[in-house]
Each structure stands twice: as structure tokens, then as C-alpha cells.
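A quick write-up on the structure given underneath.
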Amino acid sequence: MSGRRGIAEILAAARARLDRVAAEDLATEMAAGALVVDTRPAEQRERDGVLPGAKVIDRNVLEWRLDPASPNRIPEAAYDRRVIIVCNEGFSSSLAAVTLREIGVARATDLAGGFQAWMRLTRG
């Protein structure tokens, strides 16, 4: 069946559109004003801990909260804001960041390796 793409191909295409952030660069991005959004489920946050300075937004409402034109947006939502999406391992965050770019949040991206990469870096 032509026209079908597997998730690996879709993910690769999404990542080709992003300037992904390495875990070692996250603090610099935050200091420069990036909005870091943690989309991990509560269970993962409880198990592994929080990402200091990140705003927690459930994945199922992410686009509505970060679309500057949405009546359900958060105050920080802006088309020109640097937004870095963080999931557990950096897979769903890539897809979410591309969706935000399609909404018009042109500087949306994600954290390569997700929270786990950041945790390995900071906690050894």
C-alpha cells in the first residue's frame, strides 16, 4: 500500500525540521529565556523527579496551551518564543515540537534524549 509511512520515517522527517537541544545546552537555553515544557506523565515525574524551571503541560492539551491564538493558551505562549518540549526519552517531544511549528511557534524544538538524557547529565 503506497502512501504509508512507518513511525520511524515520520520521526526522522520531524527531527529533520528541528534544531534539537542537547542536554548540556538546556541550562543556557533556559537562561536565554526559552520556555521549557515537560510533557511527561505524572507517574514518570513522580518516579524520576521534576525538571527545575520547566512548565508541566499534559501532552494531550499541549497545542491548545501553546497556540497563541487559542482561548486556552497559557500566558507564556507566543509565536516568537523559544519553546523546548521535553518528554521522557525524546521521541514524542520531536513530534510535538513539529506540530507546534505547524501552528506557527516557529522556534519550537525538543530536548534530544529527553528527561533521561538530562538526568544522566546532571545526576551522573
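Anything in region 91-107 that is free of Cβ contacts under 8 Å to residues at least 40 places away in the same chain and either among the polar types (S, T, N, Q) or open to solvent by less than 40 Å² (accessible area, probe 1.4 Å) (or both)? List them, or say none. Step through it out loud before you land on a result.
Taking region 91-107 first, the residues free of Cβ contacts under 8 Å to residues at least 40 places away in the same chain are 99-100, 102, 104-107.
T99, L100, G104, V105, listed by residue number.
Of all residues being in a helix (DSSP H, G or I) and among the polar types (S, T, N, Q) in region 108-124, which is most open to solvent (accessible area, probe 1.4 Å)? Just the residue, please.
Top of the filtered list is T122.
For the condition exposed (fewer than 15 other Cβ atoms within 10 Å of the Cβ) and not aliphatic (A, V, I, L, M), what is the one hit in R73, R17, R65? Even if it seems obvious, please write down each step before you answer.
Numbers: R73 fails: exposed (fewer than 15 other Cβ atoms within 10 Å of the Cβ); R65 fails: exposed (fewer than 15 other Cβ atoms within 10 Å of the Cβ).
Of the residues listed, the single one that is exposed (fewer than 15 other Cβ atoms within 10 Å of the Cβ) and not aliphatic (A, V, I, L, M) is R17.
Among G49, G33, G53, which is the only one that is exposed (fewer than 14 other Cβ atoms within 10 Å of the Cβ) and farther than 21 Å from R123 by Cα? Break it down into steps so the answer makes sense when it comes.
Numbers: G49 fails: farther than 21 Å from R123 by Cα; G53 fails: farther than 21 Å from R123 by Cα.
Result of the check over G49, G33, G53: G33.
Going through region 77-90 one residue at a time, which ones are closer than 12 Å to L111 by Cβ, open to solvent by less than 70 Å² (accessible area, probe 1.4 Å) and assigned to a loop (DSSP other than H, G, I, E, B)? So that I can check it myself, show each step before the final result.
Within region 77-90, the subset closer than 12 Å to L111 by Cβ is 83-90.
Keeping just the survivors that are open to solvent by less than 70 Å² (accessible area, probe 1.4 Å) gives 83-88, 90.
C87, N88, G90 - these are the residues of region 77-90 that are closer than 12 Å to L111 by Cβ, open to solvent by less than 70 Å² (accessible area, probe 1.4 Å) and assigned to a loop (DSSP other than H, G, I, E, B).
Identify the residue in region 101-120 that is under 20 Å from A23 (Cβ atoms) and of a type in the set (A, V, I, L, M) and, among all such residues, is farthest from the chain's Cα centre (by Cα). It would help to see each step written out before you state the result.
Initial filter on region 101-120 (under 20 Å from A23 (Cβ atoms)): 107-120.
From what is left, the residues that are of a type in the set (A, V, I, L, M) are 108, 111-112, 117, 119.
Details: A108: 8, L111: 6, A112: 9, A117: 13, M119: 16 Å.
This residue is M119.
The values are calculated or read from the model by the stated rules, or taken from the named source; none is laboratory data. Source: prediction; values computed, not measured. Because the Cβ atoms are built from the backbone with ideal geometry, glycine has one as well, and the counts that use them run over all protein chains shown. Side chains included, ligands, DNA and RNA excluded: accessible areas come from the protein's heavy atoms. Shrake-Rupley method; radii C 1.70, N 1.55, O 1.52, S 1.80 Å.
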